[in-house]
Structures are given as C-alpha cells and as structure tokens.
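Trainee: Here it is, the structure in full.
The values are calculated or read from the model by the stated rules, or taken from the named source; none is laboratory data. In this text the structure is predicted, and so the values were computed from the model without any measurement. Methodologically, a virtual Cβ is constructed for each residue, glycine included, from the backbone with ideal geometry; neighbour enumeration extends over all protein chains shown.
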C-alpha cells in the first residue's frame, strides 16, 4: 500500500426501511475499503451485492446509516461533488455534441466555453474521439460513447473517480480494447480509480487491489492485492499468477452464489448432489 | 427502391405522393358531382370551389387575417399555459397529486359550451376567442411536456448532482432539453386543435373571421363559398402544423437527425422483406 490514503471507507452500513411496515433491508453491512493515492482498485461482486448502493454513498448521492467516507483523511464538508462519478450507462446528452458533452463538468465549474473546449480538444486524440467533436452521440459506437463519458468524468477534474461497470454493455472484443486503453490512460496521469465490475478477469487485469463483495447483506468478503508488474499487456491473463488470483477470487464469489441460492435457486449444489 | 439521391429528389419523394393523392381525390369528387348530377347546394364540384376561392380572395384574406391573429395568440397562450402547468406539476409530487387529476377533468368540460359564458364575461372582442383556442389546445401540450419532463434518465440527474449542478441547472441542462421532443409532439396536436377552437369561438360571438363567415354562408346556403372558407381554414391549420415541424427541425437538429436515420433503417428493412 502506498503512503497516502486517498479514500477510506470505514464501517459503512446502509439499511433501507421496509416499505409499508415491511421488513428492513440491509443493503450494506460494515463495509471497509481503502484506496491509496493514484491506485486502481476494483470491487467485484454479483448483482444485488450492494455495489451500486456503495457507489452512491461514496458519490454523496445517498447517506449511509452508519460509518464514514474519508477523503484525504477527513470527512469532506460536502461529499456530493467531491468525487468523480461515471454511472453504468453513458448518460451522454443526445442534444449536445460529443464535444459539449465532454465539457459538462467544466461548464458547471464555471469555466468559459472557449477554454473548456480547448481543454477537451487537447484530450480528444488520446480518448480516440478525434474527428467526432461535432457529432451527435447517437452516431457513436458503444466503445466511443463510453470513452466520451470517461473523458467527461476525467475533465471534471476530481482526484478520485468512481467507474460503475463502464464496459459492462460492450462486446468482448471492444471490451478488451477498452481495458487496455484505460490502463494506458490511467498510467499517464495516475488518477485514483475505484472500479466496479462483475468480471473477475477485468478486475485483476486493471487493478492494484481487488475487493470481493457478497450480497444480502452486502459486505466485503475478501481483499486481494494484485502484484502483477505494470505496465500490463493483455497476455498477462495467461500467466500462472493471474490464474491463481482468479481462482482465489472466484471461490468466495461461487460460495456467495451458492449461499445466496436460497433466494434464487433451490436446487442442490453439485457437491450436495455428489 | 428509391435510390438515396440528391436532396431535390428526396424532397420530390416526400411531396409527390400526397399531391398525387390529393389530385386523385379531387378528380374523383369532380367526376362524382358531374356524372351523378349532384345539386351544387349539396356538393359543389372542386372547380367551382377553386373559382370561388379566387373570386372571393379579398374577403377570404381579410377574414383569414382576423382568424390567424386569434389562432396565433391563442396558440401562444396555450403553449404558455401548457408548459407552465407541466413545469408546475413536475415541480413537486404534492402539486402533481393536487393538480393533475383536475387537468384531466378540465378536458371533460365541453369548451364550446362555455364559449358563450366567456363572451358574457369578456365581450365580443378578441379575448374570448383567444381564451377558447387556448383552452381547446393546451391539454396535449401539458400532458406531453409532463411526460417529457419525466423522460430524463435518473442516472443523468445523479451525474449532474455529482458535478455540483443545482436544481435550476439540472432543469435547464437536462430535464428541459429532454422534454422538448415530447413538447413538440404536443404542439403538433395543439396546432390542429387551435383551428377548431377558433371556429367554435367565432360561432359564439363574432362579426368577422373565417368561422363567422361559415355561419353566415350557411344561413344563405352558399355551399360553394362555404367550401372555399373551409379550404382556407384547412390551409391555415396545415401551415401552422408545418411551421411547428420546421421549428422542431431547427431547434432539435439532434432529434430530427437521429430519428431520420432510424426511420431510414426501418424502411429499408421493410422494403427488403417486400
């Protein structure tokens, strides 16, 4: 772990009141996560494990029932707006050109339009969007939309960025390209990234550390440091270290799936059948 | 299959079919009247109507001008009322609950029946006409705009919050532009209704205008002249509709372009199947 802790989450719990006197639902229980300055950290978990709730709490969109979110060692006066946030869907505004979409954060920060455009244009090449400045988002491919959404998040200029399954909706090939590209971009300016995915390989390939979450209630069941050397190339996923990590990470996920089986699936597990 | 050729060719492809269809209908009408020996006071042939349109052009234009002014003011008032109510209703859930049912109920009131009341209250000038037109045509604008204000992605609203956008900025930058295509759908319906409203209003108490002319000519059983007035009224409705469509294309190029490319794809699919 590096010296400076950028983001620290301690004892975070969230309970939703049951609707109409129904049972309370615990979405998160005692979640703790730590991210050093410039680190790339991922959270892996099945759907319904509380990842989105966790993200919304860190982004300041909802308040936790208990626990704290520390930025640079202290609780910010206003968490909302302190952390960069990229939702699962690209959320590009169809009525704005690609360029005007990427400058949204700058614009809301009061940066003059011309200056904002210049700042964004300087990044268009690196984000693989050159030549598409004046296009409507509807004309972009899925990968380009995600890159435009990422550029919007980058340009908003927050030190910490939350990325919620940004490549979840892409086809496998585009996805692999995007992962490699994201690593290159991240390598260059080393922003602190908290990345959510349900893809274990993606998490290992990208991250310095991977947290595994299991659901009902959502909690951290495992934390693994990824020591694979950087810069990483796609071939790293064939290495024995990678496979070992994958095995290690998949075990709690499978257990979680089996344990949570009562909710979705009453069939006996393979082991029980044997 | 039409080759996607020059612009003039595409315009021809759009304009030619309805024009040919109109010629076909008028020719059939003419034949029916001439061959069937229909009395002119029952159904005049289109050629006589055309002659009447030309001979009475001064009277028609003078009265059309009166009606156009009423429609323009009434339509603008309907936009103000419809959009204003929509924004008010979407501003809070309580307001929505309190007002929305009454908005629907208001449409159960037969507006033509309250037109005489309006004349009693406001007099014989333009005011009752503008109010009737407004009452007849604000509803589709309000309902569509309400739907439009609901249409914005919740994730986009959250994203804007994390970019420190206040509620006014969220409204102006996301909700309002997302609602515009819906609003324009409402405007198109309202454009047609506003002409109907103008005729109703003039029937109740007027001394000029195309609606008033219809009433007078009906008393004289001047059927041919009545048809000339009806054609003029229809023309006003068509022009208003086209104006709204033109405005939509100018204000929402993004919407128009993405819709057009989708539409093309659909037609191609159908043609290939055929």
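Trainee: Would you mind finding the one in A:111, A:41 that is surrounded by 23 or more Cβ atoms within 10 Å (Cβ to Cβ) and either within 14 Å of chain B (Cβ to nearest Cβ) or out of contact with any helix residue (DSSP H, G or I) (no Cβ under 7 Å at 6 or more places or on another chain) (or both)?
Mentor: Selected residue: A:41, the only one of A:111, A:41 that is surrounded by 23 or more Cβ atoms within 10 Å (Cβ to Cβ) and either within 14 Å of chain B (Cβ to nearest Cβ) or out of contact with any helix residue (DSSP H, G or I) (no Cβ under 7 Å at 6 or more places or on another chain) (or both).
Trainee: What are the pairs with Cβ atoms under 8 angstrom where one residue, in segment B:98-112, is in the same structural domain as residue B:135 (by TED's automatic domain parsing) and the other, located anywhere, is exposed (fewer than 11 other Cβ atoms within 10 Å of the Cβ)? Sequence gap at least six, or different chains.
Mentor: Here the result reads none, with nothing in segment B:98-112 linked to a residue that is exposed (fewer than 11 other Cβ atoms within 10 Å of the Cβ).
Trainee: Further question on the same structure: Quick one: would you say residue A:170 is away from chain B (no Cβ under 14 Å), out of contact with any strand residue (DSSP E or B) (no Cβ under 9 Å at 6 or more places or on another chain) and either surrounded by fewer than 23 Cβ atoms within 10 Å (Cβ to Cβ) or not in a helix (DSSP H, G or I) (or both)?
Mentor: On the way: away from chain B (no Cβ under 14 Å): yes; out of contact with any strand residue (DSSP E or B) (no Cβ under 9 Å at 6 or more places or on another chain): yes; either surrounded by fewer than 23 Cβ atoms within 10 Å (Cβ to Cβ) or not in a helix (DSSP H, G or I) (or both): yes.
When the stated conditions are applied, residue A:170 passes them.
Trainee: Out of (1) more than 9 Å from every other protein chain (Cβ to nearest Cβ); (2) surrounded by fewer than 20 Cβ atoms within 10 Å (Cβ to Cβ); (3) over 20 Å from residue B:236 (Cα atoms), the odd one out for residue B:189 is which?
Mentor: Condition not satisfied by residue B:189: (3).
Here is a yes/no grid of residues against (1) closer than 23 Å to residue B:72 by Cα; (2) over 23 Å from the mean Cα position of the chain (by Cα); (3) in contact (Cβ under 8 Å) with a residue 60 or more places away in the chain; (4) within 14 Å of chain A (Cβ to nearest Cβ):
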{"residue": "B:117", "(1), (2), (3), (4)": "yes, yes, no, no"}
{"residue": "B:145", "(1), (2), (3), (4)": "yes, no, yes, no"}
{"residue": "B:150", "(1), (2), (3), (4)": "no, yes, yes, no"}
{"residue": "B:176", "(1), (2), (3), (4)": "no, no, no, yes"}
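Trainee: With respect to residue A:138, determine if the residue is within 24 Å of residue B:256 (Cα to Cα), buried (at least 22 other Cβ atoms within 10 Å of the Cβ) and either touching a strand residue (DSSP E or B) at 6+ places or on another chain (Cβ under 6 Å) or within 14 Å of chain B (Cβ to nearest Cβ) (or both).
Mentor: So residue A:138 does not fit the description; no.
Trainee: Considering only segment A:141-164, state which residues are within 11 Å of chain B (Cβ to nearest Cβ) and in a loop (DSSP other than H, G, I, E, B).
Mentor: A:156, A:157, A:158
Trainee: So residue A:83 ticks every box in (1) at pLDDT below 90; (2) closer than 24 Å to residue A:219 by Cβ but one. Which box is left unticked?
Mentor: (1) is the only condition that residue A:83 fails.
Per-residue answers, yes or no, for (1) more than 30 Å from residue B:140 (Cβ to Cβ); (2) touching a helix residue (DSSP H, G or I) at 6+ places or on another chain (Cβ under 8 Å); (3) surrounded by 13 or more Cβ atoms within 10 Å (Cβ to Cβ):
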site	(1), (2), (3)
B:22	no, no, no
B:29	yes, yes, yes
B:41	yes, yes, no
B:54	yes, no, no
B:70	no, yes, yes
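Trainee: Output the number of the condition that residue A:119 fails; it satisfies all remaining conditions of (1) within 26 Å of residue A:177 (Cβ to Cβ); (2) in a loop (DSSP other than H, G, I, E, B); (3) not assigned by TED's automatic domain parsing to the domain that holds residue A:8.
Mentor: (2)
Trainee: Filter segment B:242-264 for residues that are at pLDDT 90 or above, under 18 Å from residue A:96 (Cβ atoms), surrounded by 13 or more Cβ atoms within 10 Å (Cβ to Cβ) and more than 9 Å from every other protein chain (Cβ to nearest Cβ) and give the result.
Mentor: Correct list: B:248, B:249, B:251.
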